[in-house]
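The values are calculated or read from the model by the stated rules, or taken from the named source; none is laboratory data. As the structure is a computational prediction, the values presented were derived from the model and not from experiment. Cβ sites come from the backbone with ideal geometry, for glycine too, and all protein chains shown count toward neighbours. Ligands, DNA and RNA are stripped out before the accessible areas are found, and what is left, the full protein with its side chains, is counted by its heavy atoms. Shrake-Rupley method; radii C 1.70, N 1.55, O 1.52, S 1.80 Å.
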Amino acid sequence: YSHTLQTSEPNEFDIMLVMPVSRLQLDESDDSGAYYYLTFKRNPKEKNLLEFLDEDGKLSAFKMLQALREIIKREVKNIKHAEVTVKRRKAGSPAITLEIKHSTTQISVDIILTLEVQQSWPPSTQDGLKIEQWLGTKVRRDFRNKSIYLVAKQNKEEKVLRGNTWRLSFSHIEKAMINNHGQSKTCCESDGPKCCRKACLKLLKYLLERLKMEHTKELEKICSYHVKTAFFHSCAMWPNDTDWHLGDLDHCFQKYLSYFLDCLQTSELPHFFIPKYNLLSQQDKASSNFLSRKINYQLNNRFPIFQE
């Protein structure tokens, strides 16, 4: 599936290329609980993947991405009606990026190599996904029964960059939570009550997007995933649909925004699914401080950035 991050005219898309794998052994590669080394349990069905093992028998994200890159490069040569190029690889990026030009429009598409493994979620996720009050225990159980997704993502914290770490991904569940975001099952359906949850998320995403355009260097450590994670925490903290009345957009947005500002000021934003994993580490403190100053300015001046 693909989803877009822009609130304005969308020109960036993410597409997950999902490869089902039967069973893997996951070993944490650090103490974040998000990054793993993958090895096969005896005699894998996926014999074709054996060529992507490194010398320790770990599944190499780097090798798989390289191979996928070659396949994609070969395939885009056959595309007639648009000009498609494969962008140069960015170190440590899990994505293969296509630039697509067609008459006057240009879009970029990130293809993200994703393994889908049908086994239970690793221990680091045990106390995450605190949605019992908001979406209910049954929904949480259903989510946790879904497959694990792992994306080929280099762990920046590693001393030696070997390209053999994989990061847990929950984007399939994040998407489901955003689409079915109400405590009542009918929230925002055609005949159901309307709320402002999605509007709040869109506003903060747009605010960050605009600030990142103006201050690219200073804000390179902050991304829309930070905003999205803070959004899920807000939904869990204010679980009732009445906490997000459509008519209270101003008030709700301010509440969500001030929670996000708290996260920036304390440099603490726990991953929504992996509570021990802090998405705002001390190294990113300069970015966090810079962003909180910019947001406070917007807040105190009635958001000039939305007026432009």
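Couple of notes before you dig in:
- Residue check: L129 meets all listed conditions (1) at pLDDT 90 or above; (2) in contact with a Lys or Arg (Cβ under 7 Å, 6 or more places away or on another chain); (3) farther than 29 Å from T165 by Cβ but one, namely (3).
- In the range 149-166, the residues that are modelled with pLDDT of 95 or more and either of a type outside the set (A, V, I, L, M) or outside the structural domain of L65 (by the TED database) (or both): Y149
- Look at (1) modelled with pLDDT under 95; (2) open to solvent by less than 20 Å² (accessible area, probe 1.4 Å); (3) not assigned by the TED database to the domain that holds G33 and you find that L203 fails only one, number (2).
- Filtered by the rule that a residue be of a type in the set (S, T, Y) and in a loop (DSSP other than H, G, I, E, B), the range 101-139 gives S103, T104, S120.
- Test: residue in the range 244-266 that is over 30 Å from I111 (Cα atoms), outside any helix (DSSP H, G or I) and either open to solvent by 30 Å² or more (accessible area, probe 1.4 Å) or outside the structural domain of I111 (by the TED database) (or both): yes
- Some residue of the range 228-240 being at pLDDT below 95, surrounded by fewer than 16 Cβ atoms within 10 Å (Cβ to Cβ), outside the structural domain of V139 (by the TED database) and not in a helix (DSSP H, G or I): no
- Condition check for K276: at pLDDT below 95, within 28 Å of R144 (Cα to Cα) and either part of a helix (DSSP H, G or I) or open to solvent by 60 Å² or more (accessible area, probe 1.4 Å) (or both): no
- Scanning the range 84-105 for residues being exposed (fewer than 12 other Cβ atoms within 10 Å of the Cβ) and either among the β-branched types (V, I, T) or free of Cβ contacts under 8 Å to residues at least 24 places away in the same chain (or both) gives a total of 6.
- Residue within the range 43-51 that is hydrophobic (A, V, I, L, M, F, W, C) and modelled with pLDDT of 90 or more present: no
- Residue within the range 85-107 that is under 17 Å from the mean Cα position of the chain (by Cα) and at pLDDT 85 or above present: yes
- Filtered residues of the range 2-22 (kept if closer than 20 Å to W166 by Cβ and modelled with pLDDT under 85): S22
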